[in-house]
């Protein structure tokens, strides 16, 4: 049966996030160091080939697309943007440490959200809806391979909802310019809405587009996440 590969790539580094600022829908650019690091990753490692790239509309993602996939015009999807932190955009955790709502939000209290921002439930619903639309579109058109350039929060949320092995969002954390590849099998997707996470990105240079993922040392997963849960 035909399967569908979806490759999630987090955008490159920005000055604001390095400073510890909450940067959600604030439209910041990649730093010069972030651009250089992406080019270095692209030179030393292997990003997957693809006929189509979907991206968040924010500049840091569009710039990442230009560096990693210069020959492909990305399809911009507004719903792939990062969570909105509202009035907390551009603030650091330290500067918000005396804010009672921030303390509750940081502790995972779903009854609070950033002023004029999104709640966790609103954010999750938004990104899950658009991801299901993307998967359904791939299956409908027979497009078996795509890249999604987006944000760390988006990727961690989607993998915690749909990814196998099951893991909490923070366990899917990734560095700038990195990400994960997943395999969608239509029968499993239609029945359980889950997908297999089979590799970390970018790949080692020795891996080409035809390599056997199941025999590769790039395979992550069950052992990796079991190790995390024991620490």
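Every number here is computed from the coordinates shown, using simple stated rules; none is lab data. What you see is a predicted model, and the numbers here were worked out from it, not measured in a lab. Methodologically, a virtual Cβ is constructed for each residue, glycine included, from the backbone with ideal geometry; neighbour enumeration extends over all protein chains shown.
Could you work out the relative contact order of the chain? I mean the mean sequence separation of Cα pairs under 8 Å and 6+ apart, divided by the number of residues, in percent.
Details: 402 pairs, mean separation 67.6, N = 231.
It comes to 29 percent, rounded to a whole number.
For the chain, the normalised intensity computed at q = 0.15 Å⁻¹ comes to -1.07 (log10 of I(q)/I(0), Debye sum over alpha carbons, equal scatterers, no solvent).
Multiplying the residue separation of residue 122 and residue 204 by 0.36 nm and subtracting their alpha-carbon distance yields 25.9 nm.
Could you work out [θ]222 nm for the chain from helices alone, using -39500 (n - 2.57) per DSSP H run of at least four and dividing by all its residues? Round to the nearest 500 deg cm²/dmol.
The helix contribution divided over the chain gives -10500 deg cm²/dmol.
Under 14 Å from a label point set 7 Å out along the Cα-to-Cβ vector of residue 129, no amide N atom of the stretch 155-182 is found. Using a cut-off of under 12 Å, list every residue of the stretch 18-34 whose amide N is near the label point 7 Å from the Cα of residue 59 along the Cα-to-beta-carbon line. It comes to 26-32, nothing else. The angle between the Cα long axis of helix 152-162 and the longest principal axis of the Cα atoms of the chain comes to about 60 degrees, rounded to the nearest 10.
Using only Cα atoms, find the angle between the long axis of helix 32-44 and the longest principal axis of the chain, and express it within 0 to 90 degrees, rounded to the nearest 10. Computed tilt is about 20 degrees.
Across the alpha-carbon atoms of the stretch 28-80, the computed radius of gyration and Dmax are 11.2, 31 angstrom. Axis angle, to the nearest 10 degrees, between helix 120-141 and the longest C-alpha principal axis of the chain: 20 degrees.
Distance between the pseudo-spin-label points of residue 76 and residue 110 (7 Å out from Cα toward the beta carbon): 3.3 nm. Among beta bridges identified by DSSP and lying wholly in the chain, the antiparallel ones come to about 50 percent.
Express in nm, to one decimal, how much length is gained between residue 101 and residue 171 on full extension, taking 0.36 nm for each residue of separation and deducting their alpha carbon distance.
That works out to 22.7 nm of additional length.
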